[in-house]
Amino acid sequence: MCLKFYKVDGMKVVTGVVGNDIHVVANRLIDISLEERGFRVFNLGVNTYLEEFLDAVVETDADVLLISSLNGEAEGWCRDLAILKSQYNFKDVTFMIGGNLGVGEMDPEELPPKFRAYGFDLVFHQTDLNDGLDELERFLEKRA
Ligand code: B12
């Protein structure tokens with residue numbers, strides 16, 4: 001059961017798991033949860049490279065790119081997002097990432113500013129999926 005913050009019907013979301021990451025369970029749950037909220041989902045699945053995500057955003061004319069990372073390697077795969085974005089002509093696309101964004105000894109507080117500097121609008125480290133999707137809806141509503 002989720003609270004509805006914003007009418008998202010028909011908004012397009014490209015999603016998937018970045019890099020060499022085979023954790024598929026969260027990916028399925030994210031797909032189902034987005035569909036249930038009324039988004040139109042383009043799920044690229046596991047083992048997806050950043051360039052493939054950006055190409056899919058262009059091809060589907062998506063409103064949101066929601067990247068998931070579970071094995072802790074997101075930083076290596078995503079730090080070039082801002083550079084890649086500058087090669088495309090994105091207008092009003094929301095870039096979101098979540099899952100397990102760090103590994104080993106690190107300060108979890110440092111992860112959101114770090115990933116925002118890489119070019120993400122919304123960053124969720126070890127956050128409940130529905131809390132993150134509620135936040136996405138609030139963000140889209142504010143931006144509208
Ligand atoms: C099952 C599992 C595996 C299976 C995966 C099978 C499969 N095809 O899916 C196998 C055994 C293959 C595996 C392999 C590995 N795994 Co593994 N695996 C797990 C385990 C036990 C459960 C993952 C799972 O399915 N959880 C259920 C789903 C529903 O929960 P979830 O993944 O956490 O996703 C939720 C949230 O993260 C969140 N979320 C996810 N994405 C996003 C995005 C947004 C925007 C938001 C808001 C929220 C959100 O919502 C999801 C749904 O509720 C976890 C430990 C654990 N207890 O979580 C480790 C774990 C994820 N694995 C881990 C590791 C390190 C690996 C390996 C690197 C191990 C190794 N050395 O080989 C490899 C990775 C190989 C690779 N190339 O990716 C680590 C990651 C470390 C980290 N980053 O903190 C974990 C946390 C175990 C640990 N404590 O060390 N793994």
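We did not get these values from a lab; they are worked out from the coordinates using the rules stated. Just so we're clear, the structure is a prediction, and the values are computed from it rather than from any experiment. Note that each Cβ is placed from the backbone with ideal geometry, even for glycine, and that neighbours are counted across all protein chains shown.
Things worth noting here:
- Residues in the stretch 108-136 that are in a helix (DSSP H, G or I), touching a Lys or Arg at 6+ places or on another chain (Cβ under 8 Å) and under 19 Å from residue 27 (Cα atoms): 133 alone.
- Residue pairs meeting the criteria (Cβ under 7 Å; at least 6 apart or on separate chains; first within 14 Å of residue 92 (Cα to Cα), in the stretch 44-70; second surrounded by fewer than 22 Cβ atoms within 10 Å (Cβ to Cβ) and polar (S, T, N, Q)): 63/94; 64/94
- Of everything in the stretch 83-107 that is more than 10 Å from the ligand (Cβ to nearest atom) and of a type in the set (Val, Ile, Thr), the residue that is farthest from residue 31 (Cα to Cα) is 83.
- Residue check for residue 137: more than 15 Å from residue 19 (Cα to Cα), surrounded by 20 or more Cβ atoms within 10 Å (Cβ to Cβ) and out of contact with any strand residue (DSSP E or B) (no Cβ under 7 Å at 6 or more places or on another chain): yes
- When every residue of the stretch 113-121 is checked against the conditions, at least one turns out to be touching a residue at least 24 places away in the same chain (Cβ under 8 Å) and charged (D, E, K, R).
- Considering only residues in the stretch 95-120 that are more than 19 Å from residue 51 (Cβ to Cβ) and in contact with a helix residue (DSSP H, G or I) (Cβ under 7 Å, 6 or more places away or on another chain), the one that is surrounded by the fewest Cβ atoms within 10 Å (Cβ to Cβ) turns out to be 102.
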